[in-house]
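Everything below concerns the one structure shown next.
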Amino acid sequence: MTIYAYVLLTVNAGSERKVCQKISEYDEVLEVNELYGEYDIAIRVRVDDLSQLDDLITYKIRSNPNVLLTYTMIIARQHKRLKEPTLTT
């Protein structure tokens, strides 16, 4: 069973881009977005099960000393998915 989730992060001021670069390296991470507002970074992840989600958040994301807070929202049902843009040359 594939699980999709959004994870919102609060990080140390000035570390946003460094954290985004590191998180972008993880295979489970589909999107990384730097934000203005209450949270600094939003990521969308795909994992095989809740155990893999727990490992990603606990051992990869939260172990980063610049990550202060994570807020995870597991997607219950997807009603519309963004279509990938078609590249033209």
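No lab work stands behind these numbers, since they all come straight from the coordinates. These numbers were taken from a predicted model, which means no experiment stands behind them. Virtual Cβ from ideal backbone geometry, glycine too; neighbours counted across all protein chains shown.
The table below lists the values:
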read-out	value
Residue in segment 43-56 that is free of Cβ contacts under 8 Å to residues at least 12 places away in the same chain and either aromatic (Phe, Trp, Tyr) or touching a Gly at 6+ places or on another chain (Cβ under 8 Å) (or both) present	no
Unique match (being within 14 Å of the chain's Cα centre (by Cα), among the charged types (D, E, K, R) and assigned to a loop (DSSP other than H, G, I, E, B)) among Asp54, Asp27	Asp27
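Results for (1) of a type in the set (A, V, I, L, M, F, W, C); (2) under 24 Å from Lys83 (Cβ atoms), shown as yes or no for each residue.
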{"site": "Ala13", "(1), (2)": "yes, no"}
{"site": "Lys18", "(1), (2)": "no, no"}
{"site": "Ser24", "(1), (2)": "no, yes"}
{"site": "Asn33", "(1), (2)": "no, yes"}
{"site": "Asp55", "(1), (2)": "no, no"}
{"site": "Ile61", "(1), (2)": "yes, no"}
